[in-house]
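The values are calculated or read from the model by the stated rules, or taken from the named source; none is laboratory data. Note that the structure is predicted; figures quoted are calculated from it, not measured. Note that we place each Cβ from the backbone using ideal geometry, even for glycine, and neighbour counts take in every protein chain shown. Keep in mind that these areas ignore ligands, DNA and RNA; they rest on the heavy atoms of the full protein, side chains included. Shrake-Rupley method; radii C 1.70, N 1.55, O 1.52, S 1.80 Å.
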Amino acid sequence: MQKAWSTTNRREAGFSAVEALLAALVFSIIVTGLIGALVYGRASGASSGDRQRANLLAEEGLDAARNISNAAYSNLVDGTYGVVKSGGVWTLSGTNDTIDNIYSRQVTVAAAGTNRKTITSTVYWSQPGGTLGNAQLTTQLTNWEATFKSWANAAVIGSADATSTTNGLKVAISGNYAYVVRNGTSNNFIILNISTPSAPTIVSTTTFSGTPTNIAVSGNYAYVTTTTATTGLQVINVTTPSAPTLAKSVSFTGTAAARGVFINGNYAYVVRASSTTTGSNELNVVNITTPASASVVGGYNNNIQMNEVYATGNYAYVATSSTTAEMLVINVTTPTAPTLGATYNPSTALAALTIAGYNNTVWLGMSTTLDAINITTRTSPARLGTFTAAGTINDVAVDGAGQYAFLGTSSTTGEIQVINATTPSAMSLA
């Protein structure tokens, strides 16, 4: 019993050779794992740092291209370059540039359409294990100066031709579509896709009742005036451009032709030829809150032919054929009972055919004369300046910043004339 006890005691007092070997093996595995994790962690951290700096260098490449473009857009010649900064100025140089003998950077310039360039900045560096890392960023630069200041060199870049020889009369633009009415009783409403200006395409050609005289577009509806009083305002649903449908036909009292329409909020303002018929208003206020249920809610009559209308706030400004009241200022604060607020009568005795506005200025086309009129005080219109066009001004539109006025005229050598109206008191042909 003592011997057996003695043997057991000796085994509990120490490790056998096998146990020692196993312990050493386990320890080596743990140490190897810890060392591997440490080495991998350091390598991963270094790789992450390299990539972070590469991204910053790629971003710097894009910034350099922007600075080069701002100095002169013409410096952005298509190709692959390095970028070099000298005297605080970035330039494109060679085919790449090197940073700290670690990173190689290339900036690629490629055409992306008229007055647009795609800039790609790529940075390369060697990674552990001999692999090549890269970081790439891309942006697009636009020659805004040429885009917004090219009216002096305006040129036709695209066109579309509908069937038949009926004249196009008026056009309205909304989003990627142009809506054209023609002076005829058939195929008189055309929708064009102008998303590619150099290649506009006709989406649909439709016939609606009457002979159109003017058009305005708001939301999913086109509002077309006609020469027939019983269909004086056609409300056309253009939600599906390829298949426009008539949503509502608004009838006016009397027989006078409707000549112009303007949308302002929940109302369409329609002007007509003169009429002595009781209730045959030359200005009609149409509630279009629900376009498919559009209805006349009020009007104003003074037996003057009204040709076009522009509305802002609580006032409608009307171009007329009167030579003593070329523009009427009508208060429409109460849509059911519009009232005359003022008249505009310049020294020239000319009928006004067209009108457009922006902010506190309206432009009135009278024969060959274009007047810029201050309407800051709504009921006290005052001439700011005047311009004489080549040919009778049949239509006028203003850009979204009030800097240019666009005239459609009877001139055979300048059917469209672009007027620099930045300074209304000194308008000039652009």
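A Förster distance of 25 Å, applied to the separation of the beta-carbon atoms of THR336 and SER380, puts the FRET efficiency at 0.50. Once the gyration tensor of the Cα atoms in region 204-298 is diagonalised, the equivalent ellipsoid follows with semi-axes of 22, 14, 10 Å, ordered largest first. Using every pair of distinct Cα positions in region 168-215, the Kirkwood expression returns a hydrodynamic radius of 10.8 angstrom. FRET efficiency for the ASN220 to ASP63 pair, using the beta carbon distance and R₀ = 45 Å, is estimated at 0.55. Rg and Dmax over the alpha-carbon atoms of region 300-368 stand at 11.4, 35 Å.
Counting only protein heavy atoms and a 1.4 Å probe, tell me what percentage of region 194-236's accessible area is made up of carbon and sulfur. Don't skip to the end; give the middle numbers.
On the way: 760 of 1520 Å².
Carbon-and-sulfur percentage of accessible area, whole number: 50.
Per-residue SASA remark: ILE190, around 10 Å² accessible (1.4 Å probe; ligands, DNA and RNA not included).
Per residue, what accessible area does the chain have, given a 1.4 Å probe and all protein chains present, in Å²?
Values: 21910 Å² over 430 residues.
Result: 51 Å² per residue.
Rg/Rh for region 153-265 stands at 0.97; both radii use Cα atoms, and Rh follows the Kirkwood definition.
Report the FRET efficiency, 1/(1 + (r/R0)^6), for GLN136 and VAL156, where r is their Cβ-Cβ distance and R0 is 35 Å, rounded to 0.05.
0.35
The heavy atoms of ARG259 present about 90 square angstrom of accessible area, all protein chains included, probe 1.4 Å. Straight-line reach from LYS170: taking Cα to Cα under 13 Å and skipping same-chain neighbours fewer than 8 places apart, the aspartates and glutamates in range are GLU308, ASP395. Among VAL217, VAL224, the order of accessible area from largest down is VAL217, VAL224, computed with a 1.4 Å probe on protein heavy atoms.
Stretch ASN55-THR388 to full length: gain in nm at 0.36 nm per residue minus the Cα-Cα span?
Values: separation 333, 0.36 × 333 = 119.88 nm, distance 5.73 nm.
Residue separation times 0.36 nm, minus the Cα-Cα distance, leaves 114.2 nm.
Placing a pseudo-label 7 Å from each Cα along the Cα-to-Cβ vector at VAL89 and TYR124 gives an inter-label distance of 3.0 nm. Legend: residues PHE208, PHE262, PHE27, PHE189, sorted from most to least accessible area (1.4 Å probe; ligands, DNA and RNA excluded), read PHE27, PHE262, PHE208, PHE189.
Full extension of the segment from THR277 to SER195, taken as 0.36 nm per residue of separation minus the current Cα-Cα distance, would add 25.0 nm. Which whole number in µm²/s is D for region 278-430 by Stokes-Einstein, with the Kirkwood Rh taken over Cα pairs at 37 °C and 0.692 mPa s? Here the translational diffusion coefficient equals 207 µm²/s.
According to the calculation over all Cα-Cα pairs in the chain, the P(r) per 20 Å bin from zero is 20, 35, 20, 13, 6, 5, 2, 0 %.
Need one number: nm distance between label points at THR230 and SER295, each 7 Å from Cα along Cα→Cβ, rounded to one decimal. It works out to 2.1 nm between the two label points.
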